[in-house]
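One structure is given below, encoded as structure tokens.
The values are calculated or read from the model by the stated rules, or taken from the named source; none is laboratory data. All figures in this text were calculated on a predicted structure; none of them were measured in a lab. So basically every Cβ, Gly included, is an ideal-geometry build from the backbone, and we count neighbours across all protein chains shown.
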Amino acid sequence: MSFLIRLLVNAVALFLISHYNWFGIHADSITDTVIGAIVLGLANAILRPILMLLSCPLVVLTLGLFTLVINAIIFYFVLKILPGWHVPGFSAAFWGAIVVTVISWIGSLIFRDVPEERKRFSR
């Protein structure tokens with residue numbers, strides 16, 4: 001269930017970026033937005049750990065800021081190869097990835113799963 005909620009939050013984030021045409025990033029239809037959210041979620045689940053491992057020295061050297069570049073690379077190349085998505089350049093992908101990350105972080109705070117132990121003590 002958590003994956004579906006996360007996918008929905010990412011789809012909403014991509015829809016907001018596309019609808020308001022932030023940084024020139026937009027999709028042609030809502031179907032393209034949902035497909036973009038699914039493919040971006042899969043790419044983040046599969047490619048991001050591999051890229052983080054390969055770039056570990058850079059991440060450590062930059063105190064974690066290179067993670068933003070990794071997010072932008074995934075965002076740019078995944079949405080660039082999908083039909084119906086228009087990403088004008090890497091800088092737009094960088095800021096778009098930051099916006100999606102912030103919206104996803106806020107959504108995960110709202111829709112988080114509370115562990116059973118915490119539920120038991122919060123009565």
Checklist entry - Within the stretch 45-79, restricting attention to residues that are in contact (Cβ under 8 Å) with a residue 24 or more places away in the chain and either among the β-branched types (Val, Ile, Thr) or more than 21 Å from Ala11 (Cβ to Cβ) (or both), which residue is surrounded by the fewest Cβ atoms within 10 Å (Cβ to Cβ)? => result Leu68
Next on the checklist: Based on this model, can you work out whether Ile98 counts as surrounded by 13 or more Cβ atoms within 10 Å (Cβ to Cβ), touching a helix residue (DSSP H, G or I) at 6+ places or on another chain (Cβ under 8 Å), more than 18 Å from Arg6 (Cβ to Cβ) and not acidic (Asp, Glu)?
Outcome noted: no
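Could you run through the stretch 45-67 and say how many residues are among the polar types (S, T, N, Q) and assigned to a helix (DSSP H, G or I)? If you could, list the steps in order and put the result at the bottom.
First pass over the stretch 45-67, keeping only residues among the polar types (S, T, N, Q): 55, 62, 67.
Those left that are additionally assigned to a helix (DSSP H, G or I): 67.
Qualifying residue count, the stretch 45-67: 1.
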Checklist outcome for this item: Within the stretch 5-26, residues surrounded by 14 or more Cβ atoms within 10 Å (Cβ to Cβ) and outside any helix (DSSP H, G or I) come out as Ile25, His26
Item to check | Among the candidates Leu82, Leu7, residue that is at pLDDT below 95 and within 27 Å of Arg112 (Cβ to Cβ) | outcome: Leu7
Checklist entry - How many residues are part of a helix (DSSP H, G or I), more than 12 Å from the chain's Cα centre (by Cα) and surrounded by fewer than 16 Cβ atoms within 10 Å (Cβ to Cβ) when one looks only at the stretch 27-44? => result 2
